[in-house]
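The block underneath contains the structure these notes are about, expressed in structure tokens.
The values are calculated or read from the model by the stated rules, or taken from the named source; none is laboratory data. Being a predicted model, the structure only gives us computed values, none of them experimental. Quick reminder, even Gly has a Cβ in these numbers, built from the backbone with ideal geometry, and neighbours come from all protein chains shown.
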Amino acid sequence: MNAARLHSLLEDAGYEPRPYSGRCMYGDVCLAVETDAASGSAKVVLDAVQACAENGTVEEVQDLVELLRNSRSDSMGRGTVIYWPNIAWADCGADEEEDHGDDDGGFRHTGEEDRAPSSGREDFCRGT
């Protein structure tokens with residue numbers, strides 16, 4: 001499943017996907033949706049799976065479940081944003097002029113294995 005398909009499924013489930021740059025993303029922009037409360041995270045997941053089950057194949061549902069497991073969330077005061085740091089917003093097909101031409105289906109490789117540890121900020125972001 002590629003980034004554009006996930007974007008479409010979230011729209012089918014009644015959400016408005018938007019760009020978001022979360023904690024420890026260092027300016028990278030990814031796919032996100034907003035909910036009214038932290039408990040809305042489960043609803044987003046279930047709604048997306050239902051939309052996929054109604055319109056997709058068993059393999060697509062399995063791929064979607066794996067993608068949804070990699071979501072993160074941030075509290076926004078009155079609501080919560082659920083986001084996927086490994087799914088670049090530019091690869092979702094929403095903003096065609098921002099397409100960077102990546103041929104990896106919209107999934108970003110972090111390259112953490114190539115980085116040398118530095119200030120400790122990266123350790124915080126990795127949870128170490």
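Looking across segment 19-41, the residues that are at pLDDT 85 or above, touching a strand residue (DSSP E or B) at 6+ places or on another chain (Cβ under 8 Å) and part of a loop (DSSP other than H, G, I, E, B) come down to Ser21, Met25, Asp28, Val29. One residue alone among Val44, Val49 is part of a helix (DSSP H, G or I) and touching a residue at least 24 places away in the same chain (Cβ under 8 Å), and that residue is Val44.
Checking each residue in segment 44-93 for being closer than 25 Å to Cys24 by Cα and more than 15 Å from the chain's Cα centre (by Cα) picks out Ser75, Met76, Gly77, Arg78, Gly79.
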